[in-house]
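Okay, structure first, notes after.
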Amino acid sequence: MQVISKITRQKNNDQRYNIYLNEKYAFAVDESTLIKFGLTKGKILEQFDIDEITYEDEIAKAFNRGLNFLSYQMRSEYEVRKKLLDAGFGEAVILEAIRKLEKLGFLNDETYSKALLETKKKTAKKGPKAIKQDLIKKGIDKETQEKVLNTFTYDEQLKLAKSLAEKTAKANAKKTPMQVKQKIQEFLSRKGYSFEIINEILDHIDLEREDDDWEQIVGLQGEKIWNKYSSKFTGNELRMKVKQALYQKGFPIDVIDRFIEEKESE
């Protein structure tokens, strides 16, 4: 017969209690487990009682570990599950702990996903495709992904993409409109925006260059191209190589011709 002979509070954790059976230490339990099973001195425990108590205490420990993990920032169910698995808890225990966390409102993948969406929009100006990848990494199910991403309106996407495009255009002011468009397209694509959004941005963004701008741009890029080919070619072949290279970068023919004339007259 197993009788609780003593119950003591742990020194390093006042929420945990040591249980002694027949004057010998047997196991420790969380305060919630102590109350749930009415553990008091003199109580008789059968082996199945002890098994049930220790299993319930494992759930309590997993719950507290998960709650502590969530106290620093919001997490997805996948993240909490992985944290508890890494801590050595069993699948059944983790499932019960997660159910309890969800029931008490500490864990909710939809709420978490909405918060992540807002954070990625505000801090990184990410588009739906990129945010979807973030949700997938956090273990969010497909249905919740779609539900949350559907709240990211077309107008919101357009506004964020436009600000990114304008910033990219400003950073590439010494490039041709063709080069800037390519930079914008690549950047917005990496940010997770659709071709529809990208094309609308490119259709409306002003990338016109004044004559003085063209002269400065062709001077910067043309010099490198000229030096590259002049070491290998001369005469008409050199002119054609330079003209072709500059044309592919988006320079107008008249700007190219003026540049080549100036170089040949040096």
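The values are calculated or read from the model by the stated rules, or taken from the named source; none is laboratory data. Bear in mind that the values here come from a model prediction, so they are computed numbers and not experimental data. Because the Cβ atoms are built from the backbone with ideal geometry, glycine has one as well, and the counts that use them run over all protein chains shown. When the accessible area is computed, the model is the full protein with side chains, heavy atoms only, and any ligands, DNA or RNA have been set aside. Shrake-Rupley method; radii C 1.70, N 1.55, O 1.52, S 1.80 Å.
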(request) Measure nothing fancy, just the Cα-based angle from helix 47-72's long axis to the longest principal axis of the chain, in degrees from 0 to 90, nearest 10. (result) 30
(message) Mean-square fluctuation check for the chain, GNM, Cα pairs under 10 Å: which of Gln73, Gln133, Gln145 is largest?
(response) Gln73
(message) As a test question: what accessible area, to the nearest 10 Å², does Thr151 have when a 1.4 Å probe is rolled over all protein chains in place?
(response) 70
(message) Can you compute the helix-only [θ] at 222 nm over the chain? Use -39500 (n - 2.57) per DSSP H run of at least 4 residues, normalise by all residues, nearest 500 deg cm²/dmol.
(response) -20500 deg cm²/dmol
(message) Please list Thr8, Thr123, Thr33 from largest to smallest accessible area, probe radius 1.4 Å, with all protein chains kept in place.
(response) Thr123, Thr8, Thr33
(message) Can I get the semi-axes of region 156-266's equivalent ellipsoid? Compute them from the C-alpha gyration tensor as square roots of 5 times the eigenvalues, in angstrom, largest first.
(response) 33, 13, 10
(message) Starting from the Kirkwood Rh over alpha-carbon pairs, what translational D in µm² s⁻¹ does the chain have by Stokes-Einstein at 10 °C and 1.306 mPa s?
(response) 65
(request) Please work out, to two decimal places, the log10 of the ratio I(q)/I(0) at q = 0.12, 0.14, 0.17, 0.18 Å⁻¹ from a Debye calculation in which every Cα of region 78-232 carries one identical scatterer. (result) -0.68, -0.79, -0.98, -1.04
(request) Give the angle, between 0 and 90 degrees and rounded to the nearest 10, that separates the Cα long axis of helix 253-265 from the longest principal axis of the Cα atoms of the chain. (result) 70
(request) Read phi for every residue in region 226-238 and hand back ³J(HN,Hα) as whole Hz from Karplus 6.51 cos²θ - 1.76 cosθ + 1.60, θ = phi - 60°, with x for Gly and Pro. (result) 4, 4, 5, 8, 5, 7, 10, 10, 9, x, 5, 5, 5
(request) Distance check, please: which entries in Lys174/Lys241; Lys181/Lys228; Lys11/Lys114; Lys132/Lys174; Lys174/Lys232 exceed 30 angstrom between their Cα atoms? (result) Lys11/Lys114; Lys132/Lys174
(request) Determine the principal axes of the Cα atoms in region 1-88, then give the extent along each, sorted from largest to smallest and rounded to whole angstroms. (result) 45, 27, 20
(message) Can you give me the angle between helix 177-190 and the longest principal axis of the chain, using Cα atoms only, in degrees from 0 to 90, rounded to the nearest 10?
(response) 10
(message) Test of the criteria: in region 32-111, which GluC sites (Glu not before Pro) are in a DSSP loop and have at most 14 other Cβ atoms within 10 angstrom of their Cβ?
(response) Glu46
(request) May I ask for the distance between the Cα centers of region 152-197 and region 224-244, given as a whole number of Å? (result) 33
